Amino acid sequence: MRKFFSTLIMLIVLAPAILGQAPVQYNFDELDKAIASAVQYDKVKEKTIDSLLQKLMRTSEYDLPRQYDLCTQLYNNYKVFKYDSAYEYARRSQEIAYRLQDDEKIVYSSIILNFTLLSSGLFKETDDSLHAIHIGMPGLHDNVKAEFYSLKARYYYDLADYSKDKYYMPAYNVKGGIFLDTALMYFTPGSFPFSYYTGLKNIRSGKMPDAQVNFIRLLARGGLTDHELAVTASTLSDIYIQNGNVDSAITLLIDAAIADIQSSTKETSAMFNLAQLLYRKGDVKNASRYIEYAINDAAFYGARQRKVQLISILPLIEMEKISQVESQKKVLVTYAIAITVLLLLVILLGVTIYRQVAKLKHAQSVIYAAHLKEQAVNQELADRNAELSEVNNRLSDLNTQLSNVNVQMSEVNIKLSEANKIKEEYIGYFFNANSEFFNRIERFKKSVEQKIADRKLDEIKFLVNNINLRREKEDLLKNFDKAFLKLFPHFIFEFNQLFKEEDRFVLKDGEILNTDLRIFALIRMGIHDIEKIAHILEYSINTINTYKTRIKNKSLVPNEEFETYIMNIKTK
């Protein structure tokens, strides 16, 4: 399963280059699910730690080797989970190693103690402690030497990242590279540490293409733990960030953050880097959520430098949120001013109209007084004309309504006619299909009964195994296609008229309808429920929606009108 996951990550990373920068759909839902389940993952980690603590408590105070092993196991469980506990058990491992007077255990416990100091951002303390380790003593295993030199390399690389100074940063990177070269001499070729640190060396020495290929291969080969997957994906994302491929970097960081959560890793930069990229892309909402989660992780772990980094970007994100709110307020104020101005104009226009009406009434009263009799006659004629006009208008309205009703009745009759054709055709089709199916079942039943009577069990098994459900499903769909095209013989032609010449659908030899056409054939039949269509065609709902969206995006008509055009395709 993890191999498949790794291969999927590689395909996602390479997808923009293969597909010509197609839009990326970020997997925020999976990340949010992982965040919601983080407490459960942490409980599993804490259960493992509690078990080790119980074993340590039950171990005799004189059994120092057993105490040392349990303390190092506790350190390994705490080292990316909680700094103070990791430091405590690394320190206890060192004390026990000195009591055992075992040089290799002394060196190894000193190395893991330095790892906790470096992870917490205590650079001065790390430097002092690293100088106190004597790695040149005879008999040390290669894995201990590899751990020491890789830790030295990380110390200088972290110093370079922390300083970001044009004078000191290159020197720190050079020193880190020297120690990493030495570490690679002791790591087993082909192992994860060897492959990972080889890629890291390429990054720090400016060989970005080699590093990119190295990390993609590392993800694709599979067999990585959640923590190894998170570290590799997060490091590869840095390369894509430097190359300007932000979408691939975000995809990798989401996968790295999920792997960190699943492995209960609190000492991580994936969520922080993801929040930074989302903030730069203007996705302030998600950036704010994920930076808060990263801050909580850093606070839980106790990493000083990580908390400083996180707190430095949090005000920027919050400021952007405030800025967006202020922008919305300005828009609302602008709308309020515009509405107020329009209201004043309406009031002014009303006053003007009122005055004009008053003047008109005064003029009419003067004319009425001068021509009273003539006005009375004209008024009576006007009233009669108005009555006749009103009657004519009502008759006209009634005629229009009747015309509309006739048009609607005609459309209803056409739809009823089509529905009757579809119903009659498909009732006949399903009666025939069911009749044929029951005949086959009856023949199969008789054959099985005969085999049972003859006790030919192997032949019964042969008969059952010869039932090809996939072929039956294909035959059922082909019969549906034939029945549909009998009702809508021009469906394919009229469907293709909705697309450019190069986007039209061409059926392969032997095909009556393909999946794209079959989806919209079902819609034309009146089946608009996506879940039902998915069930009939044995696809997922998401797959059906993807088919529909892809087809609509290619059409010459607006997406929201596409299905209306489909429903207007006539029967024969």
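The values are calculated or read from the model by the stated rules, or taken from the named source; none is laboratory data. None of these values were measured; they are calculated from a predicted model. Virtual Cβ from ideal backbone geometry, glycine too; neighbours counted across all protein chains shown.
Please pick out the residue among SER109, SER60 that is more than 30 Å from ILE178 (Cα to Cα), out of contact with any Cys (no Cβ under 7 Å at 6 or more places or on another chain) and among the hydroxyl-bearing types (Ser, Thr, Tyr).
After ruling out the rest, the residue left standing is SER60.
Sort through SER93, SER129, SER85 and tell me the only one that's touching a helix residue (DSSP H, G or I) at 6+ places or on another chain (Cβ under 7 Å) and closer than 27 Å to ALA160 by Cβ.
One residue alone meets the criteria, SER129.
Kindly indicate the residue of the range 532-553 that is more than 19 Å from the chain's Cα centre (by Cα) and of a type in the set (A, V, I, L, M) and also nearest to LEU522 (Cα to Cα) among those meeting that condition.
Looking at residues that are more than 19 Å from the chain's Cα centre (by Cα) and of a type in the set (A, V, I, L, M), I get ILE533.
Conditions first: (1) modelled with pLDDT of 80 or more; (2) touching a helix residue (DSSP H, G or I) at 6+ places or on another chain (Cβ under 6 Å); (3) under 25 Å from VAL39 (Cβ atoms). ASP297 passes all but one, so which condition is the exception?
Exception for ASP297: condition (2).
Test LEU140 against the criterion of being within 13 Å of TYR83 (Cβ to Cβ) and either outside any helix (DSSP H, G or I) or within 46 Å of the chain's Cα centre (by Cα) (or both), and give yes or no.
No: the conditions fail for LEU140.
List pairs: first residue in the range 553-571 and on the phi < 0 side of the Ramachandran plot, second residue outside any helix (DSSP H, G or I) and of a type in the set (D, E, K, R) anywhere in the structure, Cβ distance under 8 angstrom, at least six positions apart or on different chains.
These pairs meet every condition: LYS554/LYS500; LEU556/LYS500.
Restricting attention to the range 175-189, does a residue exist that is among the small types (Gly, Ala, Ser) and in contact with a Lys or Arg (Cβ under 7 Å, 6 or more places away or on another chain)?
Looking through the range 175-189, at least one residue is among the small types (Gly, Ala, Ser) and in contact with a Lys or Arg (Cβ under 7 Å, 6 or more places away or on another chain).
Among the residues of the range 154-188 satisfying the criterion of being within 36 Å of the chain's Cα centre (by Cα) and of a type in the set (A, V, I, L, M, F, W, C), which is nearest to GLY199 (Cα to Cα)?
Residue satisfying both the conditions and the ranking: ALA160.
Search the range 126-137 for residues being assigned to a helix (DSSP H, G or I) and of a type outside the set (A, V, I, L, M), and hand back the single one that is farthest from ALA183 (Cα to Cα).
Restricting to residues being assigned to a helix (DSSP H, G or I) and of a type outside the set (A, V, I, L, M), the top hit is ASP128.
Please find, within the range 13-30, the residue that is modelled with the highest pLDDT out of those that are under 22 Å from ALA220 (Cβ atoms) and either assigned to a helix (DSSP H, G or I) or touching a Cys at 6+ places or on another chain (Cβ under 9 Å) (or both).
GLU30
Just wondering, is there one or more residues in the range 523-537 that are of a type outside the set (Phe, Trp, Tyr), surrounded by 14 or more Cβ atoms within 10 Å (Cβ to Cβ), within 30 Å of VAL448 (Cβ to Cβ) and out of contact with any Cys (no Cβ under 9 Å at 6 or more places or on another chain)?
yes
Here are some residues: ASP142, ASP158. Which one is touching a helix residue (DSSP H, G or I) at 6+ places or on another chain (Cβ under 9 Å), in contact (Cβ under 8 Å) with a residue 12 or more places away in the chain, surrounded by 14 or more Cβ atoms within 10 Å (Cβ to Cβ) and acidic (Asp, Glu)?
Unique residue meeting the criteria: ASP158.
Can you name the residue in the range 61-112 that is β-branched (Val, Ile, Thr) and under 22 Å from SER263 (Cβ atoms) and is also surrounded by the fewest Cβ atoms within 10 Å (Cβ to Cβ) among such residues?
Step by step, filter the range 61-112, then rank; the result is THR72.
Tell me the residue from ASN553, ASN545 that is loosely packed, with under 11 Cβ neighbours inside 10 Å and either at pLDDT 90 or above or in a loop (DSSP other than H, G, I, E, B) (or both), please.
Answer to the selection: ASN553.
Tell me which of these ARG217 doesn't satisfy, since it passes every other one: (1) at pLDDT 85 or above; (2) buried (at least 23 other Cβ atoms within 10 Å of the Cβ).
The failed condition is (2).
Out of all the residues in the range 283-291, is one or more of a type outside the set (Val, Ile, Thr) and part of a loop (DSSP other than H, G, I, E, B)?
So far as the range 283-291 goes, yes, one or more of its residues are of a type outside the set (Val, Ile, Thr) and part of a loop (DSSP other than H, G, I, E, B).
Any residue at all in the range 240-254 that is farther than 25 Å from TYR41 by Cβ, crowded, with 21+ Cβ neighbours inside 10 Å, aromatic (Phe, Trp, Tyr) and in contact (Cβ under 8 Å) with a residue 40 or more places away in the chain?
yes
If ASN296 passes every condition in (1) crowded, with 18+ Cβ neighbours inside 10 Å; (2) within 23 Å of SER120 (Cα to Cα); (3) out of contact with any Lys or Arg (no Cβ under 6 Å at 6 or more places or on another chain) but one, which one does it miss?
Status for ASN296: all satisfied but (1).
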